[in-house]
Every structure is written in structure tokens, then in C-alpha cells.
Amino acid sequence: MHLVDGNQQPDPFLHQLVKRCSSSSVHYVRNETDRSMAGNWNFAFASAKTELVVLLHDDDFLAPDYISEMVDLTTRHPNASAYFCDVNLVNDDGVKTSTLADTIKSHIRPNTDEIELVGDSGLASLLKGCFIFCPTIVYRKSKLPNQPFDNTWQMVTDLQFYVQCLINNKSIVGTGKKLFYYRRHSCNQTAILTDNLLRFKEELNLYDRLIPELTHAGWSRSLFHAKYKVIIRLHLLYRATIELLKGRLSKVKQIIALAASRRAR
């Protein structure tokens with residue numbers, strides 16, 4: 001296991017933590033190059049020496065049966081490029097929680113024990129509303145490029161990865177089992193980029209960029225979601241309501257302007 005330190009300055013606590021580990025299989029590694037989210041993920045991915053790779057984020061944790069269940073999933077689907085599971089959502093204190101967005105995701109997600117995402121139907125289901133929690137993913141290294149993540153993005157790095165997998169005729173397989181604890185808190189990257197609206201700007205840009213490629217490929221189901229962006233617009237409406245209740249009228253105006261700037265083509 002590699003513990004990758006992507007901080008601007010070396011973290012002495014991480015280094016000492018690895019030193020205290022009795023197993024020689026745990027290594028402290030410094031990322032001295034691209035410290036963007038995508039850059040750090042690429043560095044960690046490239047550092048791995050195994051066929052199956054998990055990029056475990058430092059604020060989440062695995063269920064006891066995560067490894068055995070996910071290895072079993074990869075064995076049953078050896079040709080897939082990536083694998084995911086469902087999650088238990090927890091707050092800062094590790095107590096189970098939920099949000100409206102998570103409830104909606106649970107309804108968008110196919111109601112089957114296993115989910116195989118492939119081609120137009122697979123991509124359409126993700127563009128309808130991305131129900132994959134990226135820290136849960138097991139990557140199959142031989143099916144992916146050495147730098148699978150695009151540092152153009154700060155927020156939609158994971159969604160762009162899924163898009164490229166499916167457009168390039170690869171598959172992604174998931175299980176409905178809750179094998180992961182995903183922590184929601186105000187300081188994580190998702191919360192910060194949602195509050196400053198960069199999340200929505202990137203989502204809108206990614207969907208717009210997909211339109212020509214999906215049109216050329218004849219992927220009509222995915223094209224519908226890329227054009228109309230229903231899930232993004234609903235999320236913007238929800239955010240506008242929250243900001244209105246807080247009395248942050250300037251933020252409400254920004255949200256409305258952003259939603260109005262991207263009409264279906």
C-alpha cells in the first residue's frame with residue numbers, strides 16, 4: 001500500500017505514521033509534481049504495482065468486507081475497467097446521515113444487485129444523475145491508460161473518467177452492497193466547489209463538450225441528457241432555494257444567471 005502525500009509541504013505525521021507500521025508493504029510516497037486532484041490521483045494510480053487499484057481518500061473508510069466483496073466482483077467481471085459499490089453516508093463524527101441529493105441519487109441508480117454500465121444506455125444513466133461515489137472504485141490497471149484522469153477539471157474529474165471509459169467501449173460494473181463509508185462534511189472538496197458554484201460550471205461545460213461526440217456516435221439517450229441537463233438544473237434550483245432562505249440574494253442571482261446561460265441546443 002502506498003500512502004501518497006500530495007501536500008505542498010511534507011506532512012511529518014504521515015511519514016511517522018508509516019514508520020510505525022509493522023508491515024513493510026506500507027510505503028510513504030511524496031507527489032512533487034502535479035498536486036491538483038487529478039494529478040494526485042494519476043500519481044497514486046501510476047505508483048501502484050498491482051492489477052487492481054483503489055484510491056482511498058483520507059476522510060473515508062472501508063467496510064470490513066469491502067476487499068473480499070470487491071475482489072469477488074472483479075473476478076466475476078474480468079473484462080470491466082472499473083468497479084464500484086454503494087455507500088453508507090456519514091458525517092464528521094462518523095454518524096450515518098443523508099441529504100436530499102443522496103436520496104435522489106438512490107432513486108436514479110438502477111435497482112438491481114449488480115449494475116453493468118456500457119455504451120449509450122450506461123452513459124445515459126450516469127448523465128441522468130451520477131450515482132457512483134468515486135472513492136469506492138476499484139480500477140483494473142491493464143484496462144486503463146497510465147494517466148486516466150484529466151487535470152482540466154477540479155470537480156468532475158470522476159465523471160469525465162466514466163464518460164471516457166464508456167465512450168471508448170469499456171465497461172464499469174457496480175454492486176448494490178454498501179461496502180464503503182463516505183464522509184460528508186463542510187470542508188471536503190465537493191462541499192467547497194458546490195458552494196462556490198464551480199461544480200455546476202464544470203458539469204455544464206462537460207455536458208456541452210459531449211454533445212458533438214454523442215451526436216456523431218448516434219448515442220441518442222446520452223445526447224438527450226447532455227442537451228437538457230435536467231439533473232444539473234434541478235440541483236441549481238435547489239441551491240438557489242437554500243441561498244434564498246439564507247438571504248444571500250447575490251448568490252441567488254449568480255445561480256439563476258448560470259442556469260439561464262446554458263439552454264438546450
Requested in this report: Would you compute the Debye intensity of the chain from its alpha-carbon atoms alone, equal scatterers and no solvent, and pass along log10 I(q)/I(0) at q = 0.12, 0.14 Å⁻¹ to two decimals?
Outcome: -0.79, -1.09
Report task. Report, for the chain, the % of DSSP beta bridges that are antiparallel, rounded to 5. Result -> 50 percent
Report summary line: Projecting the Cα atoms of Leu234, Ser142, Leu14 onto the charge dipole of the chain, where Lys and Arg contribute +1 and Asp and Glu -1 at Cβ, the residue farthest towards the positive end is Leu234
Report summary line: accessible surface per residue for the chain, probe 1.4 Å, DNA/RNA/ligands not counted, whole Å² -> 52 Å²
**Report entry** Apportionment of accessible area to carbon and sulfur, the chain, percent (1.4 Å)
**Finding:** 54 percent
Report summary line: So Val118 and Thr33, fully extended at 0.36 nm per residue minus their Cα-Cα distance, gain in nm 27.2 nm
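Of the listed pairs Lys19/Lys105; Lys49/Lys229; Lys141/Lys178, which have alpha-carbon separations greater than 31 Å here? Walk me through the numbers on the way to the answer.
Working: Lys19/Lys105 40 Å; Lys49/Lys229 39 Å; Lys141/Lys178 24 Å.
Pairs exceeding 31 Å: Lys19/Lys105; Lys49/Lys229.
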Query raised in the report: Taking amide hydrogens as modeled 1.01 Å from N in the peptide plane, which residues meet the under 5 Å criterion relative to Phe180, leaving out close sequence neighbours?
Result: Ala63, Asn88
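Set the Förster radius R0 to 30 Å, insert the Cβ-Cβ distance between Val95 and Asp58 as r into 1/(1 + (r/R0)^6), and round the FRET efficiency to 0.05.
The computed FRET efficiency comes out at 0.95.
The values are calculated or read from the model by the stated rules, or taken from the named source; none is laboratory data. In this text the structure is predicted, and so the values were computed from the model without any measurement. Here Cβ is always computed from backbone atoms with ideal geometry, including for glycine, and neighbour counts include all displayed protein chains. Side chains are part of the model used for accessible areas, which takes the heavy atoms of the whole protein and leaves out ligands, DNA and RNA. Shrake-Rupley method; radii C 1.70, N 1.55, O 1.52, S 1.80 Å.
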